[in-house]
Amino acid sequence: MKTLFWDFHGTLIRAEKLWSKSLYQAIKHCWPDCGITLEQLSANQHPGTFPWDDPERDYRHLTDPDKWWQAMEQQFAAISQRCGLSAAEAAQVAPTVRGRILEPSNFHLYEDAIQTLELLSNQGWHHILLSNNFPELPALMDQLDISHFFDQQIVSALVGFEKPHPEIFALAIECAGHPETCVMIGDNPHADAWGALQAGIDAILVHPRGEINLAVPVCQNLSDLVPLLQEYRS
């Protein structure tokens, strides 16, 4: 058997500035005349704001979705206060950001995503989602009508580890049944490609972001994966 592990954000879908944009919309809904800008909110997302910013940690204490979002709300409140809201105002805004983030209209599949998944399935590849993401991602996959391509969906918020932590890659290999051939497809050179290589998994970057210091194939479009992966044999 041969298996592809897929990242989500930046790989299969576009969702530009999802977190800061959603917080900005929440603040503007409460205070339309507030002078806080989207750029300010983006600039005040300090390192460590999200679990994937500190992937060496064990987050299994946050695998309950409500607990995970409560931790995120603390971060939304902290960002809001750094941008000028009072503690009371920030506490009012923070719980409303979750619904805005999860709005399906925020997520846009790359134009070649579905065709690529179909063609690779026809080549005999099995697909497993492996994403650093919020706990509702499986439901969002249903709404995007792509769940049926995936045998399983491994989401960091639900398992307590973030790529490139070795535990999440070990879990992926186990869930895939220790396939003879497996490849990680992602856009992040460190979390996706480096993490996979450390786990003994081949990696291909698509829509890459950040500096690439790894000897891995790079595709500018998802459709470029089809001829490249045709060379792999289980």
Report task. Considering only the range 100-142, state which residues are in a helix (DSSP H, G or I), among the charged types (D, E, K, R) and in contact with a helix residue (DSSP H, G or I) (Cβ under 6 Å, 6 or more places away or on another chain). Result -> Arg100
Report summary line: When restricted to Leu129, Leu117, Leu109, the only residue farther than 30 Å from Cys30 by Cα, of a type in the set (A, V, I, L, M) and surrounded by fewer than 16 Cβ atoms within 10 Å (Cβ to Cβ) is Leu109
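Look through Pro104, Pro47 and report the one residue that is surrounded by fewer than 16 Cβ atoms within 10 Å (Cβ to Cβ) and within 21 Å of Ala139 (Cα to Cα).
Working: Pro47 fails: within 21 Å of Ala139 (Cα to Cα).
The conditions single out Pro104.
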Query raised in the report: Pairs, please: C-beta under 8 Å, at least 6 apart or cross-chain, first residue within 27 Å of Lys163 (Cβ to Cβ) and without any contact (Cβ under 8 Å) to a residue 12 or more places away in the chain and in the range 6-33, second surrounded by fewer than 15 Cβ atoms within 10 Å (Cβ to Cβ) and not hydrophobic (A, V, I, L, M, F, W, C)?
Result: none
Report summary line: Subset of the range 179-211, residues in a loop (DSSP other than H, G, I, E, B) and loosely packed, with under 14 Cβ neighbours inside 10 Å, comes to Glu180, Gly200, Arg209, Gly210, Glu211
Query raised in the report: Quick one: would you say Thr96 is in the same structural domain as His9 (by TED's automatic domain parsing), assigned to a helix (DSSP H, G or I) and not hydrophobic (A, V, I, L, M, F, W, C)?
Result: no
Requested in this report: Would you mind finding the one in Gln92, Gln74, Gln70, Gln152 that is of a type outside the set (A, V, I, L, M, F, W, C) and within 30 Å of Leu229 (Cα to Cα)?
Outcome: Gln152
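Restricted to the range 166-178, and to residues that are within 18 Å of Gly124 (Cα to Cα) and in contact (Cβ under 8 Å) with a residue 60 or more places away in the chain, which residue is surrounded by the fewest Cβ atoms within 10 Å (Cβ to Cβ)?
Result: Gly177.
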Report task. Select from the range 141-165 the residues that are crowded, with 18+ Cβ neighbours inside 10 Å, among the acidic types (Asp, Glu) and more than 15 Å from the chain's Cα centre (by Cα) and list them in ascending order. Result -> none
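The values are calculated or read from the model by the stated rules, or taken from the named source; none is laboratory data. Everything quoted here is computed from the prediction, not taken from an experiment. So basically every Cβ, Gly included, is an ideal-geometry build from the backbone, and we count neighbours across all protein chains shown.
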